[in-house]
1. Using the Cα centre of the chain as the reference point, and only Cβ charges (+1 on K/R, -1 on D/E), how large is the resulting charge dipole? Debye, rounded to the nearest 20.
2. Work out how much length Asp20 to Ile60 would gain on full extension: take 0.36 nm times their residue separation and subtract the Cα-Cα distance, in nm to one decimal.
3. Rounded to the nearest 500, what is the chain's calculated 222 nm mean residue ellipticity when only DSSP H runs of at least 4 contribute -39500 (n - 2.57) each, over all residues?
4. Accessible area per residue, 1.4 Å probe, Å², for the chain: what's the number?
5. Sort Leu14, Leu73 by heavy-atom solvent-accessible area, probe 1.4 angstrom, most to least.
6. Order Glu27, Glu18, Glu55, most accessible first, counting only protein heavy atoms with a 1.4 angstrom probe.
7. Can you give the relative contact order of the chain as a percent, counting alpha carbon pairs under 8 Å and 6+ residues apart?
8. Quick check: pseudo-label points 7 Å beyond the Cα along Cα→Cβ at Arg49 and His35, how many nm apart are they?
Amino acid sequence: MRYQYATSGTCSRLIDIEVDDNGCITEVAFTGGCHGNLQGIAALVKGRRMADVIETLEGIRCGNKPTSCPDQLACALRAISESK
């Protein structure tokens, strides 16, 4: 399934996520933000279970902001898992 998540409080504006029937991430693409860093995050989470990525990335902050692009990805994945 494909999902789109509008981020809040980060330089990235949108996250496109594809998840297979087993809850594994098959694709992630960020719109906006630090392109190289976000490509790296997307590559690192590809093939991992949503629950594992949520556990790893949830709560990461960017500077003084209360969130970050990795944290927003965790928020998106949590929303996906709760909608299933």
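The values are calculated or read from the model by the stated rules, or taken from the named source; none is laboratory data. Note that this is a predicted model, so its numbers are computed, not measured. With ideal geometry, Cβ positions are generated from the backbone for all residues, glycine too; neighbour counts draw on all protein chains shown. Please note that ligands, DNA and RNA were not included when accessible areas were found on the heavy atoms of the full protein model with its side chains. Shrake-Rupley method; radii C 1.70, N 1.55, O 1.52, S 1.80 Å.
1. That gives a dipole near 240 debye.
2. Result for the pair: 11.9 nm of gain on full extension.
3. The helix-only estimate for the chain comes to -12500 deg cm²/dmol at 222 nm.
4. 59
5. Values: Leu14 45, Leu73 0 Å².
From most accessible down to least: Leu14, Leu73.
6. On the way: Glu27 90, Glu18 55, Glu55 150 Å².
In descending accessible area the options line up as Glu55, Glu27, Glu18.
7. Relative contact order here is 25 percent.
8. Here the answer is 3.6 nm between the modelled labels.
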